[in-house]
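Each remark here refers to the structure printed beneath this line.
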């Protein structure tokens, strides 16, 4: 009898454990599908559901918030998706939220993703319809990819042609690769370029030094930059300007003089006046020459005569007859000097 | 000529056995709702079927979970789908491996046990004695056993599944640092009622088939004590075949109801 009770107890534990596991499994799977919690129904209209199935997950900001309850086709462009969303979450979904069908991972199930709105809008109520938009579909993507592939094939064919030509040495690139002289030339050019750049760097250094020295006052540019000196230079320039004006008047006067001289010369050329006679008559010149020589001899004679007269006058001064006269003359001269003083 | 005759006799015996099994099933359904209910014997059989098989089912399930995860893990890692391992293991175990392995083990242990027990009772004329003493042997021996297997096998399967998943979690935890919460979240995220319901319903049929075949083989044991061994052996073999047939049919039906 005791054994029987013990057996019953063990059987009871076994059955209860089994049923507990069963209930837990049902609960966990059921809660995943919102069978036991409070849920609200939301709707979204799509024109293509991309293989969405009843029971697929609904996500809002990455959190699983519910499942797809039903999918109903209204007409060829409208498919209504009824979604069962947890009531606690519904208050966070605004009226401007959008529903979009995407895949869970790269090859996962389709899911409905609810993208939250701006936040200032009013919240959705059970039975409301969400706005929706369709992302680019895989088949559309594949179509685009096939076009891209065709283009890529064409491009590679062209590239193949180009590379063949290059490898056979055609064109500039081919010549660069194949022709060794070009390589030498390029090497040489590079060598010279390096040299030039080295020298130009030295030159630039010198220019830099020059420019920095210009800032000092011990050179021409520094002097030019000196304001006091520049004022002096300004004065000089203004003086030069004045002088040039004066020179201009002088030149004008000279011009008038020259014109009058010109007219005089013209008169002379025409044979008018004494000058023309003097310059043009040869006999007169001879006569004048002769007269001058005569005058010279006469002047010599006069000089000798003068010297002789001086001697005579000296002799007279010392003559007792005329000595008194000369003394009086000297006295009068001294008197005049005193008066002047 | 003799070969042809033997073929005909084999077919004949197969058809006769199928017919007898059908009668046996019909008799079970006729007796099951008829008073008196042998409740005490039913509980005893439940204990024999459930409690006494739990250790075997537990160990098998645990090892299956370990081995299955260990075997799939390298390939899944190669594909970079390590995070899908809990989903894959749980779906395989809940949908197919758990029920069928548990049922096969039970067919081996319980089916052969019932076959041998009833067979020895038949050859020692205990069943005849029961009939003479006024007790309905079918009701007392067969109905209680079939009911016990029908109700205990599903519980054993659920426990076996849980233990197998735990074994799988241990490997994931040791090899891949996956927490208990994460593992079981992954498991129940990937599971659906379409995985759980058909596999649970079919285990009732598994239990029923094991009890039915075992009881039938034992109840109709012939040829003395040598027949007891044959009954026990054929109970296991036929029950296993029937299990696979039921599994196939169950999957077909589940596919109709849960097809997408």
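Bear in mind that the values in this text are calculations on the coordinates, not laboratory data. What you see is a predicted model; the values in this text were computed from it and never measured. FYI the Cβ positions are ideal-geometry reconstructions off the backbone, even for glycines, and counts take in every protein chain you see.
Odds and ends about this structure:
- Counts of other chain beta carbons within 10 angstrom of each beta carbon in peptide B:48-60 average 2.
- Chain A: relative contact order in percent, alpha carbon pairs under 8 Å with at least 6 residues between: 9
- Other protein chain C-beta atoms within 10 Å of residue C-beta, averaged over B:191-198: 3.
- FRET efficiency for residue B:10 and residue B:34, using Cβ-Cβ distance with R0 set to 30 Å, rounded to 0.05: 0.25
- Gain in span if fully extended, residue A:259 to residue A:142, counting 0.36 nm per residue against the direct Cα distance: 31.6 nm
- Once you reduce the range B:145-181 and the range A:173-187 to the center of their Cα atoms, the two points are 76 Å from each other.
- P(r) of the range A:137-178 over all Cα-Cα pairs, binned every 10 Å from zero, in whole percent: 29, 27, 21, 15, 8
- Inter-label distance, nm, simple model (7 Å from Cα along the C-beta direction), residue A:150/residue A:216: 7.8
- Inter-chain shielding of B:151-163 (mean C-beta neighbours from other protein chains, 10 Å cut-off): 4
- Per-pair calculated FRET efficiency, R0 = 45 Å: residue A:38 and residue B:177 via Cβ, rounded to 0.05: 0.80
- Here the alpha carbons of chain B define both size measures, Rg and Dmax, at 21.2, 70 Å.
- Here, P(r) means the percent of Cα pairs in each 10 Å bin from 0 to the largest distance; for chain A it is 4, 9, 7, 6, 6, 7, 8, 8, 7, 5, 4, 4, 4, 4, 5, 5, 3, 2, 1, 1, 0, 0.
- GNM on chain A, alpha-carbon springs under 10 angstrom: the most fluctuating residue among A:62, A:171, A:306 is A:306.
- Model label sites at residue A:177 and residue B:126, defined 7 Å from Cα along the beta-carbon direction, differ in position by 9.5 nm.
- Calculated on C-alpha atoms, the gyration radius of the protein assembly as shown divided by its Kirkwood radius gives an Rg/Rh of 1.76.
- Stretch gain in nm, segment residue A:308-residue A:329, where the contour uses 0.36 nm per residue and the Cα spacing is subtracted: 5.3 nm
- Relative contact order (%) - chain B, alpha-carbon pairs under 8 angstrom, separation at least six: 31
- Volume per residue that the Cα convex hull of the range A:39-135 spans, once the total is divided by residue count, Å³: 87
- Sorting the segments B:140-150, B:80-90, A:234-244 by their mean number of nearby beta carbons within 10 angstrom, highest to lowest, gives B:140-150, B:80-90, A:234-244.
- Distance between modelled label sites at residue A:9 and residue A:192, nm, 7 Å Cα→Cβ extension: 11.1
- Protection proxy ranking, peptides A:201-210, B:128-137, B:107-116, average beta carbon neighbours within 10 Å, highest first: B:107-116, B:128-137, A:201-210
- Cα centroid separation, the range A:6-51 to the range B:1-61: 33 Å.
- Here B:10, A:27 are placed in order of increasing Cβ neighbour count within 10 Å, fewest first, which gives B:10, A:27.
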